[in-house]
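Everything below concerns the one structure shown next.
Read the figures in this text as sums done on the coordinates, not as results from a lab. Predicted model only: the values in this text are computed from it and were never measured. Reconstructed Cβ throughout: ideal geometry from the backbone, glycine too, with neighbour counts over all protein chains shown.
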Amino acid sequence: MLDQVEEFSKRLGLLFQDSSLLKKALTHKSYANEAKEETPHNETLEFLGDAILELVVSDFLFQKLPEKSEGDLSKLRASLVNSASLSAVARDLEVGDFLFLGKGELRTGGQKKDRILANTVEALIAAIYLDRGIEEARRFIHERILGRVDWENLENSELSLFDPKTKLQEFTQTTFKKAPKYRLLSAEGPDHEKEFEVELTVGEEIMVKATGRSKKEAEQNAAKIAIEARFS
C-alpha cells in the first residue's frame, strides 16, 4: 500500500512530507467503508480542493482576461473545473491505477468513472495544499488544468477550450463511453532531436498514428488528426 502511494508521488513529481495526506486523497469512501479499521477517505479533501481550485482558476481568469464580462468568466471557470476537465487530468496522471476502492466500485469500473476521478483530483489539490502550501497547489492547477487550454484560439468564451487530447476525450466519452488510449510505438534518433511515434486507439479500433518531438507532442498530434479526420 505504501509502495502504491510512493509510486504515485513519483508520478506527480512531488515528495510529500506527510504521505498519509496523499493516501487519504487516493482513498474512496467505498474502500473506507469496507475496511476493518477506521480508514480516512477523501471526501473532506474534495471539499477543500474544490474551494482552492475555484479560487486559483478565478484569479487566473481575472488576470488573464480582464476584458471578459462576469458571465463569460463564470462560463469559462465552469468549463475548467467540471467533471470532464478534471477526469481528463486524472487520466493523464493514470490516477485510476492508484485508487483505493471498495470491491463494489472495483467491480463496476470505479477507477474509470469520471465522477470518482474528478473528485480525486480535487482531493489531490487539497493534499498538495496542506502538505506543500498554496503556491505548490497553484503550480499543480496551472500546469495540469490551466495548461491544457488553447488560450491562443480562445474565441468569445466558447467552451471548446481545450487541447486536442482533452477535446477528443470529451467526445469519445460522450459518444462511445470510452476514453482514447495512446501507445508509444517508437522513440528514434539522438537525444536532442528524437522523434516519438504513438498509436491512438478507441476501444479496439486503431484510429491514427502520429509523431512528435516528445511523447506528449505525438499524442497531441494524434488526437488532432483523429478529431479532424474522424469526428469533425
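Take 210-218, 60-68 and order them by the average number of nearby Cβ atoms within 10 Å per residue, most first; the result is 210-218, 60-68. At q = 0.12 Å⁻¹, what log₁₀ I(q)/I(0) does segment 163-232 have when each alpha carbon counts as one equal point scatterer in the Debye sum? Evaluating at q = 0.12 Å⁻¹ gives log10 I(q)/I(0) of -0.29. Take 129-138, 7-16 and order them by the average number of nearby Cβ atoms within 10 Å per residue, most first; the result is 129-138, 7-16. Placing pseudo-labels 7 Å out from each Cα toward the beta carbon at Glu205 and Glu143 gives an inter-label distance of 3.6 nm. When DSSP beta bridges are restricted to pairs lying wholly in the chain, around 95% turn out antiparallel. Note on the chain: with charges restricted to the Cβ of Lys and Arg (+1) and Asp and Glu (-1), its dipole about the Cα centre is near 560 debye. Counting only DSSP H runs of at least 4 residues, each contributing -39500 (n - 2.57), and dividing by the residue count of the chain, the helix-based mean residue ellipticity at 222 nm comes to -17500 deg cm²/dmol.
Look at the dipole of the chain built from charges on Cβ: of Thr27, Gly102, Phe16, the Cα furthest out on the positive end belongs to Gly102.
Taking 0.36 nm per residue of separation and subtracting the Cα-Cα distance, full extension of the segment from Ala51 to Asn33 would add 3.9 nm. Local charge for Gly49 was computed over the other residues whose Cβ lies under 12 Å away, with Lys and Arg +1 and Asp and Glu -1, and equals -4. Across q = 0.11, 0.12 Å⁻¹, segment 1-94 modelled as identical point scatterers on its alpha-carbon atoms has Debye log10 I(q)/I(0) values of -0.45, -0.52, in the order of the q list.
Taking a ≥ b ≥ c as the square roots of the Cα gyration tensor eigenvalues, the chain comes out oblate, since a/c reaches at least 1.5 and a/b does not exceed b/c. Residues whose amide H falls under 5 Å from that of Asn42, counting only those 5 or more places apart or on a different chain, are Thr27, Lys29, with hydrogens built in the peptide plane.
For segment 85-125 versus segment 1-73, the spacing of their alpha-carbon centroids is 11 Å.
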